[in-house]
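To start, the structure itself, in structure tokens.
What follows draws every value from the coordinates through simple rules; no lab data is involved. Everything quoted here is computed from the prediction, not taken from an experiment. Please note: Cβ atoms are built from the backbone with ideal geometry, for glycine as well, and neighbour counts cover all protein chains shown.
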Amino acid sequence: MSKIARRQFIQLSAVAAAGCLVRPGNEANAQDMPKIEESDPIAQSLKYVHDASSVDPAQRANPATDQDCANCALVQGADGDEWRPCQIFPGKLVNAKGWCSVWAPMA
Ligand code: SF4
């Protein structure tokens, strides 16, 4: 192995190792994220509520029944968690029993 190839190998290994160390930290940060407030301007614009049962189904654009964050295609995190990350509200947690007008069925 030439000196340049060896140097590149060491640099790539360091980057890969750093990636392994950063990932668990991101998961820990997700658990520490704040819960979204219903008064949040973006939440209000998307009609987000913590309790999906408070939404009149007739007001929903998507006619599917039993809509809440836990069965939305855009929710992230672990099944069973009360508060979970959502692709629509980066950096905030939504209630698993919540709902917003972007709700989409899982594939
Ligand atoms: Fe809940 Fe889905 Fe709206 Fe996110 S996009 S707040 S998971 S209904």
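In what sequence, highest mean first, do 61-67, 84-90 appear when ranked by Cβ atoms within 10 angstrom?
84-90, 61-67
Strictly greater than 15 Å: what percent of every Cα pair in segment 32-107 meets that?
Percentage above 15 Å: 47.
Please work out how much length the chain gains when fully extended from Thr65 to Gln31, using 0.36 nm per residue of separation minus the C-alpha to C-alpha distance, in nm with one decimal.
Gain in length upon complete extension: 9.3 nm.
Label points 7 Å out from Cα along the Cβ direction at Asp56 and Asp81: separation in nm?
3.4
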